[in-house]
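Here the structure comes first, spelled out in structure tokens, and everything after it is commentary.
The values are calculated or read from the model by the stated rules, or taken from the named source; none is laboratory data. These numbers come from a predicted model, not from an experiment. Here the Cβ positions follow ideal geometry from the backbone for every residue, glycine too, while neighbour counts run over all protein chains shown. The accessibility values were calculated without ligands, DNA or RNA, using every heavy atom of the protein model including side chains. Shrake-Rupley method; radii C 1.70, N 1.55, O 1.52, S 1.80 Å.
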Amino acid sequence: MKFSLCMLLVAATAQAHYKFPRMIANGKPESADWLAVRKTKVTNSRDNGGISDVNSSDMRCFGGSPGKAVVTVAAGDTLGFVASSGIMHFGPCQFYMARVPDDKDINTWEPAGNVWFKAGSISAVQTGGGALSGNEATWPAYHKTQVSFKIPANVPSGKYLVRVESIALHLAQQPGGAQLYVACGQINLTGGGNGTPGPLVAFPGAYKANDPGLIWPNSPPRTSYTAPGPAVWEG
Ligand SMILES: *[C@@H]1O[C@H](CO)[C@@H](O)[C@H](O)[C@H]1NC(C)=O
Ligand SMILES: *[C@@H]1O[C@H](CO)[C@@H](O)[C@H](O)[C@H]1NC(C)=O
Ligand SMILES: [Cu+2]
């Protein structure tokens, strides 16, 4: 009896998680899952689970089999990701980009070291002062089935990995309680500018388990929130 109840809870929890298997470029979602988005490890691509150890190398691309395609997108355009089954937990959703060296294969290049700049962030919105809550008004990404950002126009043309990250805060009352849902899309950026994006950070490395942006106390409720990581590079 106890055993079957536990199994039911596990099943119910698993359904509440999610993944990001397709990009949306030029207004159109890709035709199938895990083409230009590197397939995440089975705990995410099959079981919809997140990452709870921010020191793990999973923080780069969540494992990530080699990619199979590249989407072409122009600087200044909007790039999105499909969240299959929807973003079922509240928290911020952020986008990082890493330039793939010209002489490396975009399908297999490992984005280790300080290679990532933050290109977008959908964070908490203060709706009229007072406490923030775990609802859709505070968290614009919550319950969405797709999320997007505008690629800064000044990013130089070239091959990039685009890392989408949704941080689930519902169990983040203690360090290690936040769940991170991550995936890496592969793009060929055209029409770029001559900016120098930064600051560049590493995954793992950019986040600590006790970062205030990875903690969500129940009481007293927070009145402000800053997502973890560096500022968005505006170009
Ligand atoms: C994660 O890495 C940091 C920095 O190296 C270290 O201080 C911390 O103890 C590590 N945390 C875990 C849970 O391994
Ligand atoms: C990216 O686009 C440029 C310009 O059209 C092209 O020369 C290059 O082959 C493309 N690279 C990839 C990886 O698709
Ligand atoms: Cu969940």
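Can you tell me which of Thr72, Thr127, Thr78 is free of Cβ contacts under 8 Å to residues at least 12 places away in the same chain, of a type in the set (Ser, Thr, Tyr) and open to solvent by 30 Å² or more (accessible area, probe 1.4 Å)?
Answer to the selection: Thr127.
Which residue pairs have Cβ atoms closer than 6 Å, lie 6 or more positions apart in sequence or on different chains, and pair a first residue in region 38-55 that is open to solvent by less than 60 Å² (accessible area, probe 1.4 Å) with a second residue that is within 16 Å of ligand 1 (Cβ to nearest atom) and not aromatic (Phe, Trp, Tyr)?
Gly50/Gln179; Gly50/Leu180; Ile51/Asp58; Ile51/Leu180; Val54/Ala209
So is Thr196 out of contact with any Gly (no Cβ under 6 Å at 6 or more places or on another chain) and open to solvent by less than 60 Å² (accessible area, probe 1.4 Å) or not?
It is false that Thr196 is out of contact with any Gly (no Cβ under 6 Å at 6 or more places or on another chain) and open to solvent by less than 60 Å² (accessible area, probe 1.4 Å).
Go through (1) assigned to a strand (DSSP E or B); (2) of a type outside the set (A, V, I, L, M, F, W, C); (3) more than 20 Å from Thr40 (Cβ to Cβ); (4) more than 16 Å from ligand 2 (Cβ to nearest atom) one by one and return the number of the condition Gly177 breaks.
The one condition Gly177 does not meet is (1).
Given the criterion within 16 Å of ligand 1 (Cβ to nearest atom), farther than 25 Å from Val42 by Cα and surrounded by 15 or more Cβ atoms within 10 Å (Cβ to Cβ), identify the matching residue among Val155, Val115, Val201.
Testing whether each residue is within 16 Å of ligand 1 (Cβ to nearest atom), farther than 25 Å from Val42 by Cα and surrounded by 15 or more Cβ atoms within 10 Å (Cβ to Cβ) leaves just Val201.
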